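No value in this document is a laboratory result; all are computed from the given coordinates. The structure displayed is predicted, hence computed values, not measured ones. Using ideal geometry, Cβ is built from the backbone for each residue, glycine included, and neighbour counts are taken over all protein chains shown.
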Amino acid sequence: MSDSSPYTDKANVARWRTRLMHKGMEVNGQLTALLARQNATMATLKLPNEMEPGETKEEKLRRYLNQIIAAQRRLGSEGFGKCATCGVQLPVLALDDAPWLEECGACFAQSHSNALPF
């Protein structure tokens, strides 16, 4: 692992790890509230791509939590920060905002014509 890469830089990895942890706790809390039949406030969550227009709140939260967990597993590896489709490096600023991103903007636009990547 080379420290010259911004994707494996210790400070960046620590920042992304913290962001993923906080977002994972937030999503897990919303999912727990939803499953407990309480009113989960989806408006406070910046949900990633709306891949399935008919998804239930539970499905959206589970998908989002799975994206976060997958990003936590990739974090610090050579695979983190690369588009899962074409392999291009994702912008560091985009990862600062949403470290769970899996695709670059171009690939995301091709596969999800009416959705935002984060």
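Quick rundown of the values:
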quantity: Residue exposure sequence - Asp9, Asp96 - by fewest surrounding Cβ within 10 Å; calculated: Asp96, Asp9
quantity: Other-chain or far-sequence residues with amide H under 5 Å of Lys82's (modelled H); calculated: Leu90
quantity: Two-site FRET efficiency, Met25 against Ala94, from Cβ-Cβ distance with R₀ of 25 Å, rounded to 0.05; calculated: 0.70
quantity: Length added when fully stretched, Thr18-Ser4, from 0.36 nm per residue minus Cα-Cα; calculated: 2.9 nm
quantity: Exposure proxy ranking, count of Cβ atoms within 10 Å, fewest first, for Lys57, Lys10, Lys23; calculated: Lys10, Lys57, Lys23
